[in-house]
């Protein structure tokens, strides 16, 4: 096989314990899940909290010369000069483990933090599975211009059927240099890997692999855009220039801690005519329809979904009056073949829900969804059902989680999933390792 992913060690920039203090007090989740309230909490928690770099506050008096991005750059420079942040002397990879629980089950997710050579989508080295939006890319590009550093890693996946890399990495976990527990009681372990033989082995391992972006499409495209800006300014960039790379946490697709949660759809703002089309007769055009008890709990509905989900894409539609379990019938399968998408895409639960329920029956277009009309999202099925019961939502679509294999198949088919198709839980933490682009 030709060389594929170029996964290299880096001289990461990290918090210095003796200066910054307790690392658990300065790390944050990534920018895209931080609310205004959480942002304020992180600001108040510690003067060195990473929020000041990752997602600075906007102020009424902001100008083009003094804003959240320029303040991040100033703070970053100060922290580097006064020893709050320190660059590792030796280029290294980093073992990064997250220990967490979900539904009373314990998980450990093992990843390798590295810098990865940027490749255009057309090269088929790094594969996406979702489209991106302009606004978040603009935000991250401004931060990258100001600070010239990747502050948080993308999450990407690789295939390793023998589990060789996971075993290699796990050997470093027990004596990890960083072992902390965060505000939501999730554990984090970080250990530099500097042994030259191991470094060479890791680099050779990835040279035969494609990577699948799990979380971080906006940051990857931002890194590509930033590199092109720098290339235009300098007229030439050496192959080894740091601007050719982006920070990633790489995870085996078979890692037992790689957890994807479903994202359910809440419908609002529909006309009475559109809402009326959610009935057994209309749904039966494309689905085998089974009515569920109107008193069925969220757990019971999810159990029904899980029980039929291995055979074909199911979903539950809930209104105040009815709950239906839907499974594709032959007419529905034929209709999905007309989607214009790949076979892998047509088999996604979320694609079936969007194509046959939202688009065909309700007339909700893709651009409506992108602009935030008619649909809200929640990962909590009970919250979805309560919203319907209370009248806060007109209907809910409950879905199974997208399987890892499906994500890879859609990416291999060069297709893109509908918005909010995957939620990898938990998010990677920000503030453990930064990747300078100079």
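The values are calculated or read from the model by the stated rules, or taken from the named source; none is laboratory data. Because the structure is a prediction, the values reported are computed rather than measured. All Cβ positions, glycine included, derive from the backbone under ideal geometry; neighbour counts span all protein chains shown.
Just to be sure I understand, how many residues within the range 420-429 are within 16 Å of residue 109 (Cβ to Cβ) and touching a helix residue (DSSP H, G or I) at 6+ places or on another chain (Cβ under 9 Å)?
Total meeting the criteria: 2.
With 197, 146, 173 as the choices, which residue is assigned to a loop (DSSP other than H, G, I, E, B), assigned by TED's automatic domain parsing to the domain that holds residue 66 and surrounded by fewer than 21 Cβ atoms within 10 Å (Cβ to Cβ)? Spell out how you get there, then give the answer.
On the way: 197 fails: assigned to a loop (DSSP other than H, G, I, E, B); 146 fails: assigned to a loop (DSSP other than H, G, I, E, B).
Within the list 197, 146, 173, the selection yields 173.
Taking the range 373-390 only, how many residues are over 19 Å from residue 33 (Cβ atoms) and assigned to a loop (DSSP other than H, G, I, E, B)?
Result for the range 373-390: 2.
Before we move on, is residue 396 in a helix (DSSP H, G or I) and surrounded by 15 or more Cβ atoms within 10 Å (Cβ to Cβ)?
Details: in a helix (DSSP H, G or I): no; surrounded by 15 or more Cβ atoms within 10 Å (Cβ to Cβ): yes.
Here the answer is no, as residue 396 does not meet what is asked.
From 140, 166, 115, grab the single residue that is assigned to a helix (DSSP H, G or I), in contact with a strand residue (DSSP E or B) (Cβ under 7 Å, 6 or more places away or on another chain) and closer than 19 Å to residue 249 by Cα.
Working: 140 fails: in contact with a strand residue (DSSP E or B) (Cβ under 7 Å, 6 or more places away or on another chain); 115 fails: assigned to a helix (DSSP H, G or I).
Of the residues listed, the single one that is assigned to a helix (DSSP H, G or I), in contact with a strand residue (DSSP E or B) (Cβ under 7 Å, 6 or more places away or on another chain) and closer than 19 Å to residue 249 by Cα is 166.
Is there any pair with a first residue in the range 278-289 that is assigned by TED's automatic domain parsing to the domain that holds residue 311 and a second that is in a loop (DSSP other than H, G, I, E, B) whose Cβ atoms are under 7 Å apart and which are 6 or more apart or on different chains, and what are they?
Short answer, once both residue conditions are applied: 278/319; 286/329; 287/329; 288/329.
Quick one: residue 257 ticks every box in (1) loosely packed, with under 14 Cβ neighbours inside 10 Å; (2) not in a strand (DSSP E or B) bar one, so which box is it?
(1)
Would you be able to tell me the number of residues in the range 22-53 that are in contact with a strand residue (DSSP E or B) (Cβ under 9 Å, 6 or more places away or on another chain) and either not in a helix (DSSP H, G or I) or not assigned by TED's automatic domain parsing to the domain that holds residue 186 (or both)?
Of the residues in the range 22-53, 10 are in contact with a strand residue (DSSP E or B) (Cβ under 9 Å, 6 or more places away or on another chain) and either not in a helix (DSSP H, G or I) or not assigned by TED's automatic domain parsing to the domain that holds residue 186 (or both).
Let me confirm something: among 56, 83, which residue is buried (at least 16 other Cβ atoms within 10 Å of the Cβ) and in a loop (DSSP other than H, G, I, E, B)? Before the answer, list the steps.
Values: 83 fails: buried (at least 16 other Cβ atoms within 10 Å of the Cβ).
After applying the criteria, what remains is 56.
Quick one: which helices (runs of 4 or more DSSP H) lie wholly within the range 285-347 and hold at least 2 residues that are modelled with pLDDT under 95 and surrounded by 14 or more Cβ atoms within 10 Å (Cβ to Cβ)? Before the answer, list the steps.
Values: elements: 298-308, 330-336, 343-346.
The helices (runs of 4 or more DSSP H) meeting that bar are 298-308.
Could you identify the single residue in 409, 367 that is surrounded by fewer than 23 Cβ atoms within 10 Å (Cβ to Cβ), modelled with pLDDT under 95 and either outside the structural domain of residue 249 (by TED's automatic domain parsing) or not in a strand (DSSP E or B) (or both)?
Details: 409 fails: modelled with pLDDT under 95.
That would be 367, the only listed residue that is surrounded by fewer than 23 Cβ atoms within 10 Å (Cβ to Cβ), modelled with pLDDT under 95 and either outside the structural domain of residue 249 (by TED's automatic domain parsing) or not in a strand (DSSP E or B) (or both).
Which of the residues that make up the range 59-80 are surrounded by fewer than 16 Cβ atoms within 10 Å (Cβ to Cβ) and farther than 20 Å from residue 20 by Cβ?
Hits for the range 59-80 are 59, 60, 61, 62, 63, 64, 65, 66.
Within the range 181-194, take every residue that is surrounded by fewer than 19 Cβ atoms within 10 Å (Cβ to Cβ) and in contact with a strand residue (DSSP E or B) (Cβ under 9 Å, 6 or more places away or on another chain) and give me the one that is nearest to residue 246 (Cα to Cα). Spell out the reasoning first.
Applying the first criterion (surrounded by fewer than 19 Cβ atoms within 10 Å (Cβ to Cβ)) to the range 181-194 yields 181-187, 194.
Filter once more, keeping what is in contact with a strand residue (DSSP E or B) (Cβ under 9 Å, 6 or more places away or on another chain): 181-182, 184-187, 194.
Working: 181: 27, 182: 25, 184: 28, 185: 29, 186: 26, 187: 25, 194: 20 Å.
Within the range 181-194, the match that is nearest to residue 246 (Cα to Cα) is 194.
Read through the list (1) in contact (Cβ under 8 Å) with a residue 40 or more places away in the chain; (2) more than 22 Å from residue 22 (Cα to Cα); (3) over 20 Å from the mean Cα position of the chain (by Cα), then give the number of the only condition that residue 195 fails.
Going through the list (1) in contact (Cβ under 8 Å) with a residue 40 or more places away in the chain; (2) more than 22 Å from residue 22 (Cα to Cα); (3) over 20 Å from the mean Cα position of the chain (by Cα), residue 195 breaks only (1).
Conditions (1) farther than 28 Å from residue 177 by Cα; (2) under 23 Å from the mean Cα position of the chain (by Cα); (3) at pLDDT 95 or above, marked per residue:
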site	(1), (2), (3)
37	yes, yes, yes
51	no, yes, yes
54	no, yes, yes
58	yes, no, yes
63	yes, no, yes
81	no, no, yes
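Determine, yes or no, whether residue 70 is assigned by TED's automatic domain parsing to the domain that holds residue 174 and in a helix (DSSP H, G or I). Lay out the reasoning, then the answer.
Working: assigned by TED's automatic domain parsing to the domain that holds residue 174: yes; in a helix (DSSP H, G or I): yes.
Yes: the conditions hold for residue 70.
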